[in-house]
Amino acid sequence: MTITTITIDAAGTLIHPAEPVAISYGRLAAQFGSHLDPQALAAAFRHGFSKMPPMAFPTALDKDELDRAERGWWRRLVKQITEEAGGVRQFDEYFSVLYGYYATSEAWRLYPEVHSVVAALRAQDIKLAVVSNFDSRLLPVLDGLGIASSFGHIVYSTASGAAKPDGAIYADALRQTGSNAGTTLHVGDNASADYSGAKAAGMHALLLHRDGRDCEAPHEAPDLHGIHDYLSAYP
């Protein structure tokens with residue numbers, strides 16, 4: 001069966017932080033006279049992020065309400081992890097600067113193959129969309145990196161009302177793109193959220209393992225070039 005639509009995850013698949021998160025958090029904290037222990041911060045972030053509720057808000061929100069909800073979600077997490085790493089003076093001011101920083105393309109980088117792979121897929125008239133557990137800052141980030149216009153739709157969890165692996169976000173993406181699950185491929189780097197979630201939604205799935213590890217998924221690749229190999233099996 002021919003693949004007519006491809007949905008792609010954002011962080012870890014299309015984009016990655018320009019520098020380690022612990023370094024950015026610490027660098028910005030220093031502007032407020034505070035020192036955050038990098039190792040403690042990295043550990044606290046990993047632990048704290050895994051304990052947070054899904055980055056999604058089930059009730060329909062207007063733009064201002066969504067902004068407040070997104071900021072509240074991140075403020076709770078950042079407050080917790082910075083306190084575990086030493087604390088930040090003037091936390092509210094620090095959080096505002098940190099939150100704004102990650103809304104800019106300065107904070108992010110595209111993986112090297114993104115432009116060439118996306119251009120090749122567009123040349124094949126394949127519908128492209130982003131499906132990500134992210135907030136509304138994803139829009140200016142992808143735009144600033146010069147890639148947003150390559151995607152017909154950018155579906156992110158806080159606006160969609162569901163976060164991967166919840167099938168509702170995949171259903172939302174299929175609705176927005178006007179696509180059928182059976183002819184749609186989802187590509188991402190998280191085994192549960194991206195691979196298992198997409199498969200449960202009836203879609204094809206390709207799992208990326210950029211760190212070189214063997215994920216033992218039926219369909220996996222080290223980078224986005226693996227999409228071409230996958231498509232060759234479904235001409």
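Bear in mind these aren't lab numbers, they're just calculated from the coordinates by the rules spelled out. All figures in this text were calculated on a predicted structure; none of them were measured in a lab. Here the Cβ positions follow ideal geometry from the backbone for every residue, glycine too, while neighbour counts run over all protein chains shown.
Quick notes
- Relative contact order %, region 1-100, counting alpha carbon pairs below 8 Å whose residues are six or more apart: 37 percent
- The slack between Ala168 and Ser150, meaning 0.36 nm per residue of separation minus the straight C-alpha distance, is 4.1 nm.
- Divide the volume of the convex hull around the Cα atoms of region 32-166 by the residue count and you get 131 Å³ per residue.
- With θ taken as phi - 60° and the Karplus curve 6.51 cos²θ - 1.76 cosθ + 1.60 applied, the whole-hertz 3J(HN,Hα) list for region 29-39 is 5, 4, 5, 10, x, 10, 10, 10, 5, x, 5 Hz, x standing for glycine and proline.
- Using 0.36 nm per residue and subtracting the Cα-Cα separation, the extra length available between Leu139 and His35 on full extension is 34.3 nm.
- Computing log10 I(q)/I(0) by the Debye sum over Cα atoms at q = 0.07, 0.13, 0.14, 0.17 Å⁻¹ directly from the structure and comparing it against [x] -0.24, -0.80, -0.92, -1.29; [y] -0.29, -0.81, -0.90, -1.17; [z] -0.22, -0.72, -0.83, -1.21 singles out [x].
- Every helix of 4 or more DSSP H residues in the chain counts as -39500 (n - 2.57), and over all residues that averages to -12500 deg cm²/dmol at 222 nm.
- Mean-position separation - Cα centroids, region 180-197 and region 45-66, in angstrom: 21 Å
- Net length available on complete extension from Arg175 to His115 is 19.0 nm, with 0.36 nm assigned per residue and the Cα-Cα distance removed.
- DSSP beta bridge pairing in the chain, given as percent antiparallel to the nearest 5: 15 percent
- Using the Cβ-Cβ distance between His228 and Glu83 with R0 = 41 Å, the FRET efficiency computed as 1/(1 + (r/R0)^6) comes to roughly 0.35.
- Three-way shape call for region 123-235 based on the alpha-carbon gyration tensor, with the a/c threshold at 1.5: rounded
- Computed from Cα positions, the angle between helix 114-123 and the longest principal axis of the chain comes to roughly 30 degrees.
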